[in-house]
2 protein chains.
Amino acid sequence: MSRLQETIDNVRPLDSEAMQQAAERQDQLTKPPGSLGVLEELSIRLAGIQGRPLPAISRKVIIVMAADHGVVSEGISAFPQEVTPQMVANFAAGGAGINVLSRHSGAEVRVVDMGVATPVDIPGVIDRKVRPGTANMVNGPAMSRDEAVACIEAGIEVAEAEIEAGADLLGTGEMGIGNTTPSSAILTVFSGADIAQATGRGTGIDTGGLHLKREVIRRAIERNQPDSGDAIDVLAKVGGLEIGGLAGVILGAAANRVPVVIDGFISSAAALVAARLCPAARDYMIASHVSVEPGHKLLLEELGLKPMLFMDMRLGEGTGAALASGLVEASARVLSEMATFADAGVSEKDEKQMDSATE
Amino acid sequence: MSRLQETIDNVRPLDSEAMQQAAERQDQLTKPPGSLGVLEELSIRLAGIQGRPLPAISRKVIIVMAADHGVVSEGISAFPQEVTPQMVANFAAGGAGINVLSRHSGAEVRVVDMGVATPVDIPGVIDRKVRPGTANMVNGPAMSRDEAVACIEAGIEVAEAEIEAGADLLGTGEMGIGNTTPSSAILTVFSGADIAQATGRGTGIDTGGLHLKREVIRRAIERNQPDSGDAIDVLAKVGGLEIGGLAGVILGAAANRVPVVIDGFISSAAALVAARLCPAARDYMIASHVSVEPGHKLLLEELGLKPMLFMDMRLGEGTGAALASGLVEASARVLSEMATFADAGVSEKDEKQMDSATE
C-alpha cells in the first residue's frame, strides 16, 4: 500500500469520550457556560484530537513550503520569480514576517524547498524538491500524477519528522511567486465557483493583470480538464508543488492526531486538496484568519472552517497560522488552568434564569 | 482645574511625523506593501501614540474593575449579585479566565474594587470603592454627578499609577453582575439605537428575562431623562461605577500617550463615555474582539473601531483585551524586527505590475 493511502487510512474520527469530558469540565469553569466561545470549542476539539480530556500544546512548528510556478511566464504576478529563493534565504536568516510572528507566538519555523526553480543551497532549508518549478499549466499539466503524489508524500514525511521530534501543533505556510493562480484554479475546479469570484490580486497586480490572471486560469482549466472527483488529478494539472506538500503536511498531522492550523488562501487550497482526499482530516484542521484575497472566504466555506482573526492580511508564509497558533494554545490553557465553581467557591447560575433551550 | 478636565486637556493628537516614518519603513519591509493589513496599521498608530518611529510594547497590564448594580433587584441577570465579590476573589487567586489569558499573553492583571456592594478585603485588590453598588436606576439616578466624576478620576489615577510603574499598554476589563444592563442603556442614550437592538442576554438570561431587561432599560431612561450631550449625566443616571472607572482608565492612558485595548461590550460602553468626554481619546483606543452581545457591534461602530478577533466570546473580564494585547505587541515587533528589501537582498515589485491607484 502506498504511503499516501496508508496515511489516509490512519486518519480516525475524534475521540468523543475525551470531548465529552472536556465539554463537561468547560461547564464547571468559573464563567457563564459557553461564554469563551471559540476558545471553548477549540479546547474540546483538541481533547478529541489528542484523545485526552485535558489537552495541552507544548511545541508549535510552522512548516513553510516553497516552490515555483511555470505559469508566471504568463505575467500573472507582481513580483519576479527570483523572489522565491530570495525569500527562502530571508526565512532561513530569520528576517521575514513569519519569523517575527513565530518568535512572538513561541513557534518554530521549518523551511522546505518543494520545488524552487533555481538551486537552493541554504543551511537549515529542508530539501524535498520534487522538480524545479511546475510547468506552465496553460500549455498542459503543471506536473505529472506521480509528481503530485510525491509532493504529498514528501509533506507527510516532513510532518511526521516534526511530530516525532515533539511537535504537537503544526501550522502551514508557503512561499511561491505566482501561487495564488493555481490556488484560484483549484478552488474553481473543486467548488464550481466563478473564476472571477475565486481570483484576486495576489501580491498586488493591477486591474489589467487581474483580468489576465483570470483568463490564464480559464485557459489552464480548459486545456487540462481536471477531474473534480479526483484530487490528485486536480493537483497535478492546475496545482503547485508547495500546495501538494502542504496537503501532505495536513494529512500527516491528522494521521498522527496532531492539530494543524491553516494559514491563508494558498494553504486553504492545500487543505481543500487534503479534505477531498480524506474528508475525516477536516476535524484536525483549524482555520486561522480570513485573507483579503477574495477566494479565501469561499475556500473556508468549502472546508466548513471558521476563521478567528479578521486582520486584512494577505502575506501568506504562515503568518496567520503563527498568530492563531497562540490562540489554540490559549484554549487548552483555559481548560486546564481555570478554576471550577467548586474550587473557587463561586455561585452558579440562578435556576429560574437558566438559558431557554427553545430559542 | 479638575483632575478630569486636566486629563482631557492633556490628550493630544497622534505624532504624524513618527507615523509617516513608520509607514515608510513598513513599505521597505520584505512583503508586498500593505500585506500585513491591520498589523501594519496598528504599528503605525503605535508610532503615533508613542511618538517614535519604532514603537515597542514591553509591559502590558489589564485593569479589571468590579462593581455592583442596584438594578439587579429588577431580576435582569442570570447570576446572583454575590458572584461579583466571589469573582473578585477568583481574580485575586489567579483562577479566572482573565488570569489564564493574561498569563498566556504575558500581561499582568490589576483588580480594582470600584463599588462592590459588600466589603472586599482581599490582598492585592486595589480599593477605589466610590460607593457600595449603584442605586436602582429604575427609581432614579444610578449615582450622583459627583460620584460619576469620582469614578472617572479614580480610573485616571489607577491608569497613571500603572503607567508610572512602567506599563506601556493597558487593557480594560470588568466584573459586575448586571452590568450589561447599564451598558445597553448607555449605548441607547448616546446612539439613539433601538433598545431591542442594544440589549442582549448578558451572561445568559432566557427570553422572558430578555423582555424584562429591555423594559427595565426603557423605564430607567424614561425616569432619568439622561442628556446625551452630557456624558457625565449619562454615566450618573444610567451607568455603573466600573464603567466610569474604565472611562477614566482610557482617558488616563490617552493623556499619557499609552495605547489602551478595549475588551467587550461593557468596556466599549466605557470607551463611548470616554470618547464623548474627549473625542481625541479615540486614537488611543484599540478594539480587541466583537462579542456575541448584539449591542457590541453597534458600540464599535459608534466608536469607529474595528475588532480583530471574531471568537464568539462574551465573558468580559478583559479576556478579549488580553488576547488582543499580544496582537498589538506583535505589530510593533513586525515593524522593528522584519528585514527590509535592501537588508535581505530581495527584489521589489515589478514596476509594470504596480498597484493601480485608480481602482
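The values are calculated or read from the model by the stated rules, or taken from the named source; none is laboratory data. If you're wondering where the values come from, they're calculated on a predicted model, not measured in any experiment. Reconstructed Cβ throughout: ideal geometry from the backbone, glycine too, with neighbour counts over all protein chains shown. Protein only, heavy atoms only, side chains kept; ligands, DNA and RNA dropped before computing areas. Shrake-Rupley method; radii C 1.70, N 1.55, O 1.52, S 1.80 Å.
Values computed for the structure shown
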| quantity | calculated |
| --- | --- |
| Qualifying positions in the stretch B:296-352 - farther than 16 Å from residue B:106 by Cα, among the hydroxyl-bearing types (Ser, Thr, Tyr) and more than 7 Å from chain A (Cβ to nearest Cβ) | B:336, B:340 |
| Within the stretch B:299-313, tally of residues that are buried (at least 21 other Cβ atoms within 10 Å of the Cβ) and part of a helix (DSSP H, G or I) | 2 |
| When residues of the stretch A:54-108 are limited to those that are out of contact with any Leu (no Cβ under 9 Å at 6 or more places or on another chain) and among the polar types (S, T, N, Q), the one farthest from residue A:159 (Cα to Cα) | A:73 |
| Filtered residue count, the stretch B:10-25, keeping only those that are surrounded by fewer than 22 Cβ atoms within 10 Å (Cβ to Cβ) and either touching a residue at least 12 places away in the same chain (Cβ under 8 Å) or assigned to a loop (DSSP other than H, G, I, E, B) (or both) | 11 |
| Criterion (in the same structural domain as residue A:284 (by TED's automatic domain parsing), out of contact with any helix residue (DSSP H, G or I) (no Cβ under 7 Å at 6 or more places or on another chain) and under 26 Å from residue A:8 (Cβ atoms)) met by exactly one of A:157, A:153 | A:157 |
| Verdict on residue B:99 being in the same structural domain as residue B:203 (by TED's automatic domain parsing), of a type outside the set (Gly, Ala, Ser) and in contact with a Phe, Trp or Tyr (Cβ under 9 Å, 6 or more places away or on another chain) | yes |
| Scope the stretch A:327-350; condition in contact with a strand residue (DSSP E or B) (Cβ under 8 Å, 6 or more places away or on another chain) and closer than 17 Å to residue B:85 by Cβ; matching residues | A:339, A:341 |
| Cβ pairs under 7 Å, 6+ apart, first in the stretch B:122-135 and touching a residue at least 12 places away in the same chain (Cβ under 8 Å), second basic (Lys, Arg) and crowded, with 17+ Cβ neighbours inside 10 Å | B:126/B:110 |
| Qualifying residue in the stretch A:331-341 (condition: open to solvent by less than 10 Å² (accessible area, probe 1.4 Å) and within 17 Å of the chain's Cα centre (by Cα)) | no |
| Meets criteria (touching a Leu at 6+ places or on another chain (Cβ under 8 Å), open to solvent by less than 40 Å² (accessible area, probe 1.4 Å) and in the same structural domain as residue B:318 (by TED's automatic domain parsing)) for residue B:133 | yes |
| Residue pairs meeting the criteria (Cβ under 7 Å; at least 6 apart or on separate chains; first of a type in the set (Lys, Arg), in the stretch A:180-204; second at pLDDT 95 or above) | A:201/A:210 |
| Qualifying residue in the stretch B:268-277 (condition: over 26 Å from residue B:309 (Cα atoms) and either assigned to a helix (DSSP H, G or I) or not aromatic (Phe, Trp, Tyr) (or both)) | yes |
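Conditions (1) crowded, with 23+ Cβ neighbours inside 10 Å; (2) in a strand (DSSP E or B); (3) out of contact with any Cys (no Cβ under 9 Å at 6 or more places or on another chain), marked per residue:
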site: B:71; (1), (2), (3): yes, no, yes
site: B:77; (1), (2), (3): yes, no, yes
site: B:80; (1), (2), (3): no, no, yes
site: B:91; (1), (2), (3): yes, no, yes
site: B:99; (1), (2), (3): yes, no, yes
site: B:109; (1), (2), (3): yes, yes, yes
site: B:114; (1), (2), (3): yes, yes, no
